[in-house]
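S.K.: Below you will find the structure I want to go over with you.
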2 protein chains.
Amino acid sequence: MKAAVLGFGNVAAATIESFMANQELIRAKTRRPIKFVRVATRTPARAEGKVPAGCVVSNDCWGLVDDPQVDVVLELTGDVPLGRQLVLRALSNRKHVITANKALLAKHGEEIMSMAEEVGRNVLFEGAVAVSIPIIKTLRESAAANRISSITGILNGTSNYVLSQMSEHGADFAGAVAEAQRRGYAEADPTLDVSGEDAAHKLILLASLSFGVPIDFSAVQFKGIQDIDRLDIGFAKRLGYQIKLIAQASMGPEGLDVSVQPTLVPIASMLAKVSDSMNGIALKGDLLGPAFLYGSGAGGRQTSSAVLADLIELANREDAGGAGGAYNMGFGHGHRRAQGVAYTRDRVGAFYIRLRLDDKAGVLAKVSTVLAQANVSVNALLQDGGQHEQTDLIIITHDITSSQLNNMLPALYEAAGPGHSVVIHPVLGIH
Amino acid sequence: MKAAVLGFGNVAAATIESFMANQELIRAKTRRPIKFVRVATRTPARAEGKVPAGCVVSNDCWGLVDDPQVDVVLELTGDVPLGRQLVLRALSNRKHVITANKALLAKHGEEIMSMAEEVGRNVLFEGAVAVSIPIIKTLRESAAANRISSITGILNGTSNYVLSQMSEHGADFAGAVAEAQRRGYAEADPTLDVSGEDAAHKLILLASLSFGVPIDFSAVQFKGIQDIDRLDIGFAKRLGYQIKLIAQASMGPEGLDVSVQPTLVPIASMLAKVSDSMNGIALKGDLLGPAFLYGSGAGGRQTSSAVLADLIELANREDAGGAGGAYNMGFGHGHRRAQGVAYTRDRVGAFYIRLRLDDKAGVLAKVSTVLAQANVSVNALLQDGGQHEQTDLIIITHDITSSQLNNMLPALYEAAGPGHSVVIHPVLGIH
């Protein structure tokens, strides 16, 4: 099977390096031998001496996707508009595609999967989400017989590293981001990671696989960690929680709930143990019950493991001409489209609420009355002295609906008084 | 694709029940529709009203494996000698086989896989190990490009439940086993589970997939939890560890090390968080780094998830006549055989040593001298008053070799004195 690589960045270079290092092992596991025949990159000089013998390096990406000898194209450019054009062209030339480009699939996945279905080719993307965790294959194949009720994950290693630094070493947000940049975990512009957008891209893929529906990027509410205060990390800890950037999708009677937001997770849960730049994903199926998967979320070498697994899978399908094994998005294309989906933002769960109040008599009574009137019962309460005659009042509610919360907010703001802040985060139960 | 089921115990009944419950979902995910056409069980009356329309129930297991209409046989008898004969017969009739029978595969796996290779059929067994964890597929496919260095797991839910009861509720071994039996986690005769043998069966499958070698059951050292003393669970906890029944396989320069034994795991590790009857598996690959997977290890419904995933996979292989996708044991058969394997029992690691000594002056000096002479340095030391003029001295060593430990033992026994006990367990680092 002849493979060609678009791009020669970190992931592409590592993929070819890993392939060469473990060539014998890979050969022992594949029916058809795999051969890398072409690389296209803007800077061919960088690939010099780093590709197998007989692999041609050029800057001709269009020639690559049009090359009749190529069976599978590895799209590892990281570029969305160019990636889209090249992937569609490769598919129209009836080539299989492997990609690690989550932004591309989140934005143009439906177009790409439709084309793949039309031409009977595979688009595999294990390297697009939580690279050392086989979550795509797990959802597409291993959990195939299950009705998935929820998927809850830490999908962005950069944000998790930043939050871990803040939680474990008392760093502030800016300091933790700088440290992440120094270690190569964060880009010069960290916005895509810390804003929750990258996790939202990944969540779309997982939710689409889990629930068999196309998902609009615009349907995902995402909120990042830029405004997380060390203070709240500290209060959460005192109450038995870690604050994590949680991507979650769940299907309930009201419809699909998809969001990325800073969330309190119980310290005893597996998700709370996911620290530094690692990823972790909890899922629940009606047959398998709760499960949890943990591993690296990024890194060239780690991503190469996922990309090469996809490549080995294609090489092991005897019907190289056909669409092969499982459907790209788990469900048959007709079955996906037919279902449709309603979105809901009304979630039942607990919330963390921090109110900064004037430290004077009667204020607790005022807040308690607001809670009582909204029929919100309290699971945990913490009041912290604070400074300048202000005090922080932290409430963890029992399970309430989001509308209960929203209806109560104006009265809470009023109780807090002008200029006083209210911080709210959802709270997870133990998965 | 026409499926037939051998047996109608817990797992078989749950598999058909789950299939019927999620039929539409499964249909949406499979290219070829799946139909259950036959069940063979010693007690056909038990299956009455519990199979789909058109599925014939009888006690004729040989007629089932010889039935020309059957494409895939689900061997869910749990019986080893009969299971072996039926599986070999089904394969010789060129049928695919799905099984959840780990004892069968641990003992006769090589014979079965050779036959499968010969006739070009698949033997799939995701339901044989840690049912809610897709570990077979992960090792066979997702981690295929990796050199696996180690796999470390809690693979027996019954033992883990018993140890959790002892650790969390202070139960003694007999009481915890009785409670496990009451809850249906343990058989009337719990020996297979608590002796480590069941975990050893599963470990053979994981090690064989990881390292591409056939493994003799006799090569696996297994030691159960029958002799675990609550006292050691308590001391381990005070030193920051949980005692778990750990199945581990690692490949080093000296060869393959495979064992099942009670082991101290650091409280901060993911494995320590695996409590009650759950399973957890940590693996390390040269590309993917460390990963960890968690889920149920048993249960009819949970096992049905794995068995149905295997069934869906077969139905999605367009080449229903061929051996299909990945090799049954990950590696091409020739490649497995060619490799061979050396076994080693010389491991480098830390050890927990508890000595019960006469509580008198000079005894610590005596033990310290033994350690120093063996060049064993101490990571943690705890002395506990105890009763009857005896004291427990607990030592956690730094990394040493097993031979260093073994060479030191006679002198340690001597230091402990006649009739005094020495308890030794290996200690894991954080994975």
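S.K.: Of these, B:A176, B:A143, which one is without any contact (Cβ under 8 Å) to a residue 60 or more places away in the chain, over 15 Å from B:A103 (Cα atoms) and of a type in the set (A, V, I, L, M, F, W, C)? Please lay out each step first, then the result.
M.R.: On the way: B:A143 fails: without any contact (Cβ under 8 Å) to a residue 60 or more places away in the chain.
The unique qualifying residue is B:A176.
S.K.: Is it the case, given these coordinates, that A:A174 is modelled with pLDDT of 95 or more and touching a Gly at 6+ places or on another chain (Cβ under 9 Å)?
M.R.: Spelling it out, it is not the case that A:A174 is modelled with pLDDT of 95 or more and touching a Gly at 6+ places or on another chain (Cβ under 9 Å).
S.K.: Looking at (1) assigned to a helix (DSSP H, G or I); (2) closer than 28 Å to A:A144 by Cα, can you tell me which one B:R121 breaks?
M.R.: It fails just one condition, (1).
S.K.: Give the residue, chosen from A:T391, A:T397, that is at pLDDT 90 or above, under 21 Å from A:G234 (Cβ atoms) and assigned by TED's automatic domain parsing to the domain that holds A:N375.
M.R.: One residue alone meets the criteria, A:T397.
S.K.: So which residues in region A:1-57 are in a helix (DSSP H, G or I) and either buried (at least 23 other Cβ atoms within 10 Å of the Cβ) or under 27 Å from the mean Cα position of the chain (by Cα) (or both), if there are any at all?
M.R.: The answer is A:N10, A:V11, A:A12, A:A13, A:A14, A:T15, A:I16, A:E17, A:S18, A:F19.
S.K.: Given the conditions (1) crowded, with 24+ Cβ neighbours inside 10 Å; (2) under 24 Å from the mean Cα position of the chain (by Cα); (3) assigned to a helix (DSSP H, G or I); (4) free of Cβ contacts under 8 Å to residues at least 40 places away in the same chain, which single one is not true for B:A90?
M.R.: The failed condition is (2).
S.K.: Need the failing condition index for B:S164 against (1) at pLDDT 95 or above; (2) away from every other protein chain (no Cβ under 14 Å); (3) more than 12 Å from the chain's Cα centre (by Cα), just the number.
M.R.: Just one mismatch for B:S164, condition (2).
S.K.: Exactly one of (1) within 10 Å of another protein chain (Cβ to nearest Cβ); (2) among the charged types (D, E, K, R); (3) closer than 18 Å to B:V348 by Cα is unmet by B:K273. Its number?
M.R.: (3)
S.K.: Just give me the residues in region A:137-156 being farther than 26 Å from A:L192 by Cα, at the interface with chain B (Cβ under 7 Å from one of its Cβ atoms) and out of contact with any Gly (no Cβ under 6 Å at 6 or more places or on another chain), in sequence order.
M.R.: Correct list: A:T138, A:E141, A:S142, A:A144, A:A145, A:R147.
S.K.: I've got another one for you. Return the pairs, sorted by first residue and then second, in which the second residue is of a type in the set (D, E, K, R) and surrounded by fewer than 21 Cβ atoms within 10 Å (Cβ to Cβ), the first residue lies in region A:20-44 and is within 8 Å of chain B (Cβ to nearest Cβ), the beta carbons are less than 7 Å apart, and the residues are 6+ apart or on different chains.
M.R.: If the second residue must be of a type in the set (D, E, K, R) and surrounded by fewer than 21 Cβ atoms within 10 Å (Cβ to Cβ), the pairs left are A:N22/B:R147; A:L25/B:R147; A:R31/A:E318.
S.K.: I've got another one for you. Please go through region A:412-431 and pick out each residue that is in contact with a Lys or Arg (Cβ under 9 Å, 6 or more places away or on another chain) and modelled with pLDDT of 90 or more.
M.R.: The answer is A:V422, A:V423, A:I424, A:H425, A:P426, A:L428.
S.K.: For A:G175, are the conditions met, namely being surrounded by fewer than 24 Cβ atoms within 10 Å (Cβ to Cβ), out of contact with any Leu (no Cβ under 9 Å at 6 or more places or on another chain) and more than 30 Å from A:L355 (Cα to Cα)?
M.R.: no
S.K.: Applying the selection to region B:305-347, what residues are within 12 Å of B:N122 (Cβ to Cβ), among the small types (G, A, S) and modelled with pLDDT under 80?
M.R.: B:A320, B:G321, B:G322, B:A323, B:G324, B:G325, B:A326
S.K.: Now for a separate question. Quick one: B:K360 ticks every box in (1) modelled with pLDDT under 80; (2) surrounded by 13 or more Cβ atoms within 10 Å (Cβ to Cβ) bar one, so which box is it?
M.R.: (2)
S.K.: What residue, of A:G63, A:G120, A:G127, is over 30 Å from A:Q261 (Cα atoms), within 13 Å of another protein chain (Cβ to nearest Cβ) and out of contact with any His (no Cβ under 6 Å at 6 or more places or on another chain)?
M.R.: A:G120
Residues are listed down the side, and each one gets a yes or a no for (1) within 11 Å of another protein chain (Cβ to nearest Cβ); (2) within 17 Å of the chain's Cα centre (by Cα); (3) surrounded by 21 or more Cβ atoms within 10 Å (Cβ to Cβ):
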{"position": "B:L206", "(1), (2), (3)": "no, yes, yes"}
{"position": "B:L245", "(1), (2), (3)": "no, yes, yes"}
{"position": "B:A249", "(1), (2), (3)": "no, yes, yes"}
{"position": "B:P266", "(1), (2), (3)": "no, no, no"}
{"position": "B:L283", "(1), (2), (3)": "yes, yes, yes"}
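S.K.: Picking from A:P262, A:P253, A:P290, which residue would you name as being of a type outside the set (D, E, K, R), in contact with a Gly (Cβ under 9 Å, 6 or more places away or on another chain) and away from chain B (no Cβ under 11 Å)?
M.R.: It is A:P262.
S.K.: Would you pick out the residues in region B:252-269 that are small (G, A, S), under 16 Å from B:S402 (Cα atoms) and modelled with pLDDT under 95?
M.R.: B:G252, B:G255 - these are the residues of region B:252-269 that are small (G, A, S), under 16 Å from B:S402 (Cα atoms) and modelled with pLDDT under 95.
S.K.: Residues to consider are B:I98, B:I112; find the one that is over 22 Å from A:E141 (Cα atoms), more than 15 Å from the chain's Cα centre (by Cα) and touching a residue at least 24 places away in the same chain (Cβ under 8 Å).
M.R.: B:I112
The values are calculated or read from the model by the stated rules, or taken from the named source; none is laboratory data. As the structure is a computational prediction, the values presented were derived from the model and not from experiment. Neighbour counts run over all protein chains shown; Cβ positions are idealised from the backbone, glycine included.
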